[in-house]
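Structure, as C-alpha cells:
The values are calculated or read from the model by the stated rules, or taken from the named source; none is laboratory data. Note that this is a predicted model, so its numbers are computed, not measured. FYI the Cβ positions are ideal-geometry reconstructions off the backbone, even for glycines, and counts take in every protein chain you see. Protein only, heavy atoms only, side chains kept; ligands, DNA and RNA dropped before computing areas. Shrake-Rupley method; radii C 1.70, N 1.55, O 1.52, S 1.80 Å.
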Amino acid sequence: MMDAVSGSPSVVIVGGGASGTLAAVHLLRLARARAMPLEITLIDRYGRHARGQAYSTVDPQHLLNAAIDKMSGLDDDPGHLLRWARDHGLDVGGSDYLPRRVYGRYLRD
C-alpha cells in the first residue's frame, strides 16, 4: 500500500509482540538496504509493543527458553543480543538465560 501523503510504501502490522516487532525490524532493514523509504505502523491492542504477553512479565524468575547466544533478533548478527545486554550494564555471557522482561526491553529498543 502507498502512503497517500508521502507516496512511500506503507505497511501495517497488527500485533505488537515479538513476532510483529521483529517483522517490522526486518522490513525496515530490507528497505534501508535497498535505499527505499518505508513507513510501518505497529498496532498492539494492549500497548505492549515488543513485549507482548510473553515478555511483559515482571517476575525476574521468568527466564527465556534459550541462552542469549541463540536469541538475537537479527539472524545475520547472532551476537547482537549479547552486545545489547552488556551495553545495558548486564554482566552476562552467551550461555546465560535472560529474564523474559529484559528480552522484552531488547525487542522494544
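Look at where the Cα atoms of the range 49-63 and of the range 73-98 average out, and the two centres are 17 Å apart.
Sorting Ile68, Ile13 on solvent-accessible area from highest to lowest, probe radius 1.4 Å, gives Ile13, Ile68. Here's the picture: charge each Lys and Arg Cβ at +1 and each Asp and Glu Cβ at -1 in the chain, and of Met71, Gly7, Leu98 the one pushed furthest to the positive end of that dipole is Gly7. Placing dummy labels 7 Å off each Cα toward the beta-carbon, the span from Ile40 to Ser56 is 2.0 nm.
Summed over qualifying helices (DSSP H, 4 residues or more, each -39500 (n - 2.57)) and divided by its residue number, the chain shows a 222 nm mean residue ellipticity of -9000 deg cm²/dmol. Computed from backbone phi with θ = phi - 60° and the Karplus coefficients 6.51, -1.76 and 1.60, the 3J(HN,Hα) list for the range 65-74 is 7, 9, 5, 3, 5, 10, 10, 4, x, 10 Hz; x is used for glycine and proline. Given +1 at the Cβ of Lys and Arg, -1 at the Cβ of Asp and Glu and no other charges, the dipole of the chain around its Cα centre is 200 debye to the nearest 20. Remark: relative contact order (the chain) = 27 percent; criterion is Cα-Cα distance under 8 angstrom and separation of 6 or more residues. Is the shape of the range 46-87 best called rounded, prolate or oblate, per the rule: a/c under 1.5 gives rounded, else a/b larger than b/c gives prolate, else oblate, with a ≥ b ≥ c the square roots of the Cα gyration tensor eigenvalues? It is prolate, given that a/c is not under 1.5 and a/b is the larger ratio. If a spin label sat at a point 7 angstrom from the Cα of Val12 along the line to its beta carbon, the backbone N atoms of the range 42-65 nearer than 20 Å would be those of 42-50. Which whole-Hz couplings ³J(HN,Hα) result when phi for each residue of the range 104-109 is put into the Karplus expression 6.51 cos²θ - 1.76 cosθ + 1.60, θ = phi - 60°, listed in order with x for Gly and Pro? Here the 3J(HN,Hα) series is x, 5, 4, 4, 5, 5 Hz. Positive end of the dipole of the chain (Cβ unit charges, origin at the Cα centre): among Gly20, His62, Tyr46, the Cα lying farthest that way belongs to Tyr46.
Here is the list for the range 10-88: trypsin sites (Lys or Arg not before Pro) lying in DSSP coil, each with at most 10 other C-beta atoms within 10 angstrom of its C-beta, are Arg34, Arg45. Placing Met36, Met71 in order of accessible area, with the largest value first and a 1.4 Å probe, yields Met36, Met71. Taking Lys and Arg as +1 and Asp and Glu as -1, the other residues whose beta-carbon sits under 12 Å from that of Asp77 total -1. For Ile40, the residues whose modelled amide H falls within less than 5 Å of its own, excluding neighbours fewer than 5 places apart on the same chain, are Val11. Heavy-atom accessible surface of the chain, averaged per residue, reaches 64 Å², computed with a 1.4 Å probe.
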